[in-house]
1. Taking the radius of gyration and the Kirkwood hydrodynamic radius from Cα positions alone, what is the Rg/Rh ratio for the range 112-215, to two decimal places?
2. I want to verify a result. In a Gaussian network model of the chain, Cα cutoff 10 Å, which of these has the top mean-square fluctuation: Ser131, Ser167, Ser225?
3. If you build a Gaussian network model of the chain, linking Cα atoms that sit under 10 Å apart, which residue out of Ile169, Ile191, Ile68 swings the most?
4. Given 4 °C and 1.567 mPa s, compute D for the range 43-99 with the Stokes-Einstein relation, Rh being the Kirkwood radius over Cα pairs; round to the nearest whole µm²/s.
5. When you take every Cα atom in the chain, what is the radius of gyration, and what is Dmax, the widest Cα pair distance, in Å?
6. About the Cα centre of the range 85-229, what is the dipole size in debye to 20, counting +1 per Lys and Arg Cβ and -1 per Asp and Glu Cβ, all else neutral?
7. Report the one residue of Val53, Gly72, Leu205 whose Cα lies farthest in the direction of the positive end of the charge dipole of the chain (charges on C-beta: Lys and Arg +1, Asp and Glu -1; origin at the Cα centre).
8. What whole-number value in cubic angstrom gives the convex hull volume per residue for the C-alpha atoms of the range 141-291?
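What follows is calculated from the coordinates using simple rules that are stated; it is not laboratory data. As the structure is a computational prediction, the values presented were derived from the model and not from experiment. All Cβ positions, glycine included, derive from the backbone under ideal geometry; neighbour counts span all protein chains shown.
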Amino acid sequence: MDRQSVREEILDDIDEEFELELDDRRLEGESTGEASFRRTYFRELLRLQGELVKLQDWVQDTGEKVVILFEGRDAAGKGGVIKRITQRLNPRTCRVAALPAPSERERTQWYFQRYVSHLPAAGEIVLFDRSWYNRAGVERVMGFCTDDQYEEFFRSVPEFERMLVRSGIRLVKYWFSITDDEQERRFRARIEDPLKQWKLSPMDLQSRIRWEDYTKAKEVMLERSSIPEAPWWVVQAVDKKKARLNCIAHLLSQMPYQAVEKPLVELPPRVYHPEYERQPTPQDMIVPEIW
């Protein structure tokens, strides 16, 4: 493979990021200021993703265990940051845990039990797209838990997280903050965009009705569950691009990672067997080449 072909392969990978960005921009428009920031955004994002690869290599090499929690308002941009973090990482090393509503059986378990099964082993990174803090947020506001269960959560969660940290897990917690007006704008964009309507759930609509209740629940949560071993970090997320860069840069600053030396990889020559004759692929098995 010549150098031009290699370059084309690298550019093809970079195009994936532009595809994600085009998806973000649909129906949203772009101001002059946003357009001028795009070049900086892509340059910095690719640089930070390169650092994330180094972080991944360090985690694998040292056997570290990393857990990152992403919480925040509906439509605050948590998913977009998670996509950018995982985009160039090995899914066997870095995986996302996005749990559905608990089953009838899970509701009878110890509250943290279903989350424990998703915690990392040595050499793994787990990103929780919402986490055990559901109890402090949506469950509290929507009345899905009792007052006693709510209070027990706040008695238990500091000790639970201290146990995680003592066991060797590096725990980082992010809350994504947006304004009332910005959430409404993003919800309206989802309503108008057929490719994003699946993101709009009945719970999202309730979050508009109960904005102040969610605000109060968030304030209590940050006050009662931010501990020295696992403090909360608030990401200002009205500007999606800046929020992504700021969150990734901060995450990297929380990890004492360093570049891992790797042996030089040399591609071995292909082995040919003259007696082997390749069989033709049946035409009815070939995907039609429309483009």
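1. Looking at the range 112-215, the ratio lands at 1.03.
2. Sorting by GNM fluctuation, first place goes to Ser167.
3. Maximum fluctuation in the GNM of the chain, among the listed residues, is at Ile191.
4. Roughly 104 µm²/s, to the nearest whole number.
5. Both quantities, over Cα of the chain: 22.5, 75 Å.
6. 620 debye
7. After comparing all options, I get Gly72.
8. It comes to 308 Å³ per residue, whole-number rounded.
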